[in-house]
Each structure stands twice: as structure tokens, then as C-alpha cells.
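*Asks:* Have a look at the structure that comes next, please.
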Amino acid sequence: MKKLTIKTKRDIILGIGVVIFTLLVWLVLTLSLSGGTATSASVYYGSNREAIVSIDFVSNQVRIHYYQDTQTETRYPYVDLNNQTITLLGDYEVSGIRQEVVIGYHFENQSVQILEESSPYNVCSKQGIITSGALICLPNSVRVEFKNAEEDFIL
């Protein structure tokens, strides 16, 4: 067997150090983004910094902050309290018509999920139930950001 040279040993130690550092950074980011119980979630549309809808998990209330400009008589967003859904118009168009994005929320487990949307490959609705961090639907320009009592996470 060949003896390892000093250079080879140094390379192995450096490689192990890089792997350990990467794992530590990943662990810190994972724990910091998913920690804490969500107290509210805000739904944003487009590049607007003002939430279009907010969901308060503490008081079990949904608030509409403003309505979208539409070419129809239907006002978006609209909230269905019985089914715990919020429906708004996304930016993705089919035959020149903007498509609806249906967001489900659950006060009990403080979660949000995109239930229905139209986009290539339906990536947004495949993200599943989210309880922290952010839920992003790029084709429709919709995002959901969670806030907890300890700190806010903004993407």
C-alpha cells in the first residue's frame, strides 16, 4: 500500500472540513426557517409588498386588504369560510384569461396549501401543506409568507 503524502492528507482533511461546514450551514438554515409555530400567514400577489389577504391563526380570522383589478364582475380575492379557502387571480393565462388560484388554510394546524391552480406542470399545487417558511407560486405571482411570535421570515 502506498503511504499518503502530506499533501494528500491535507486534501482529505480539507474535503472533510468542507463537507462538515456545508452540513452545519444546511442544518442551521433548516432549523431557523422551520422553527416556531405560525401565528399568521400573509398572501401576496405580484411584486406588491402589501399583503392582499392575511390569515390570523390566533384569532381564526381572514382579512382581505385590497381587491384585484379584473375584467369580470367577480371580485377577487374572495374567501369561502365554510371550505376555508381563498380564491384570487394569478398571472398565468390560458387563452388570454387569467386563471384562479385557490388557497386552502386550516386554523387547527396553522397550515396553508395551494389546492387548485393552472400553470405548467402544476408545480404550485404539488408543494403540499406548508406550516412555516414560504409557499411560492411563480407562474401565478402568488406567495404566502408565515409569521410566528418569535420572528418574521420574509423571502
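*Asks:* Here is a list: Ile6, Ile97. Which entry is surrounded by fewer than 16 Cβ atoms within 10 Å (Cβ to Cβ) and either among the hydroxyl-bearing types (Ser, Thr, Tyr) or outside the structural domain of Cys124 (by TED's automatic domain parsing) (or both)?
*Replies:* Ile6
Here is a yes/no grid of residues against (1) exposed (fewer than 12 other Cβ atoms within 10 Å of the Cβ); (2) of a type outside the set (Phe, Trp, Tyr); (3) under 29 Å from Leu29 (Cα atoms):
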residue	(1), (2), (3)
Ile52	no, yes, yes
Gln61	no, yes, no
Ile103	no, yes, yes
Lys126	yes, yes, yes
Gly133	no, yes, yes
Ser141	no, yes, yes
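*Asks:* Quick check, is Glu117 of a type in the set (Asp, Glu), within 16 Å of the chain's Cα centre (by Cα) and within 30 Å of Leu29 (Cβ to Cβ)?
*Replies:* yes
*Asks:* Please go through the stretch 124-155 and give me each residue that is of a type in the set (Phe, Trp, Tyr) and modelled with pLDDT of 90 or more, ordered by number.
*Replies:* Phe146
*Asks:* How many residues does the stretch 108-123 contain that are modelled with pLDDT of 85 or more and within 19 Å of Glu93 (Cβ to Cβ)?
*Replies:* 4
*Asks:* Moving to a separate point now. Given the conditions (1) modelled with pLDDT under 95; (2) not in a strand (DSSP E or B), which single one is not true for Asp91?
*Replies:* Of the numbered conditions (1) modelled with pLDDT under 95; (2) not in a strand (DSSP E or B), the odd one out for Asp91 is (2).
*Asks:* Next question. What number of residues within the stretch 124-150 satisfy the criterion of being in a strand (DSSP E or B), over 30 Å from Ser95 (Cα atoms) and of a type in the set (A, V, I, L, M, F, W, C)?
*Replies:* So the answer is 2.
*Asks:* Go through Ser111, Ser118 for me and flag whichever is at negative phi, touching an Asp or Glu at 6+ places or on another chain (Cβ under 9 Å) and surrounded by 12 or more Cβ atoms within 10 Å (Cβ to Cβ).
*Replies:* Unique residue meeting the criteria: Ser118.
The values are calculated or read from the model by the stated rules, or taken from the named source; none is laboratory data. None of these values were measured; they are calculated from a predicted model. All Cβ positions, glycine included, derive from the backbone under ideal geometry; neighbour counts span all protein chains shown.
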